[in-house]
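The values are calculated or read from the model by the stated rules, or taken from the named source; none is laboratory data. All values derive from a computational prediction rather than experimental measurement. Neighbour counts run over all protein chains shown; Cβ positions are idealised from the backbone, glycine included.
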Amino acid sequence: MDPKTRELIWHNLWPMLQATLDKTLPLTAISFVIGLAIALFVALARMSRLWPVSAAARFYISIVRGTPLLVQLFIVFYALPQFHIVIDPFPAAVIAFSLNVGGYAAEIVRAAILSVAHGQWEAAQALGMSYPQLMRLVILPQASRIAVPPLSNTLISLVKDTSLASTILVTELLRVAQIAAAPTFDFFALYGVAALYYWVICLILGFAQTRLETRLARHIAR
């Protein structure tokens, strides 16, 4: 490897790591948590017996899953200012990613809820539980175990999707790599380092997912 390339990589290891810690990981965590809250609300709306509520939830899911995430980002950051709604880059990315996660995770949550044995619903209703109590105390704890693997995959995908935030000027990992490589055009080296950072994060999350699934499996077995 060229000495200048090695020096370039060395001098940008910390700025890229700092961008990962300051922007990429917080963006992932915040968007995922908000997205899960949206997903639960939309999943319950999707299961509603009220046709307008269920139809609105299906429409939302269809829009999110039927349009590219990059287009959603551009609408939030570049298109909304035409209606005098100006959002800073990081909050705009959070909004777009949260809505995207909510749309995809809603079907995961709904499927997990519906997979709980119907007898559990009947037993809880026989005990006089209200619908909120039924969901909070009986259904959601069981559904969460079922939803862990697909939701973990959604989280891992979100980590990689945050790289798209560079297109709306969020100085996350990929954006820092782009800026650092621009003067020398040594994009391969710095993009390679960025890819390595993303890979390591996904490896850690994958390991955590495996451990969590193992613990849940032992708990269910008992």
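Working only within the range 121-132, note down all residues that are more than 17 Å from VAL109 (Cβ to Cβ) and surrounded by 13 or more Cβ atoms within 10 Å (Cβ to Cβ). Within the range 121-132, ALA123, ALA124, GLN125, MET129 qualify. Annotation: of all residues in the range 130-170 being touching a helix residue (DSSP H, G or I) at 6+ places or on another chain (Cβ under 7 Å) and closer than 19 Å to SER48 by Cα, the one that is modelled with the highest pLDDT is ALA143. Filtering ALA79, ALA105 for residues that are part of a helix (DSSP H, G or I), modelled with pLDDT of 95 or more and farther than 30 Å from LEU196 by Cα leaves a single hit, ALA79. Close Cβ contacts (under 8 Å, 6 or more residues apart or on different chains) running from residues in the range 126-142 that are assigned to a loop (DSSP other than H, G, I, E, B) to residues that are surrounded by 11 or more Cβ atoms within 10 Å (Cβ to Cβ) and at pLDDT 80 or above comprise MET129/LEU137; MET129/VAL138.
Here is a check on your reading of the model: is ILE179 surrounded by fewer than 16 Cβ atoms within 10 Å (Cβ to Cβ) and within 23 Å of VAL76 (Cβ to Cβ)? Against the criterion (surrounded by fewer than 16 Cβ atoms within 10 Å (Cβ to Cβ) and within 23 Å of VAL76 (Cβ to Cβ)), ILE179 qualifies.
Of all residues in the range 154-173, none satisfies the criterion of being on the phi > 0 side of the Ramachandran plot and in a helix (DSSP H, G or I). Filtered by the rule that a residue be in a helix (DSSP H, G or I) and either free of Cβ contacts under 8 Å to residues at least 60 places away in the same chain or crowded, with 19+ Cβ neighbours inside 10 Å (or both), the range 108-120 gives ILE108, VAL109, ARG110, ALA111, ALA112, ILE113, SER115, HIS118, GLY119, GLN120.
Scanning the range 5-45 for residues that are in contact with an Asp or Glu (Cβ under 8 Å, 6 or more places away or on another chain) and among the charged types (D, E, K, R) returns a single hit, LYS23. Taken as a whole, the condition of being within 17 Å of the chain's Cα centre (by Cα) and among the hydrophobic types (A, V, I, L, M, F, W, C) does not apply to ALA19.
State yes or no: is LEU151 within 20 Å of ALA43 (Cα to Cα) and either part of a helix (DSSP H, G or I) or among the acidic types (Asp, Glu) (or both)? In short, yes.
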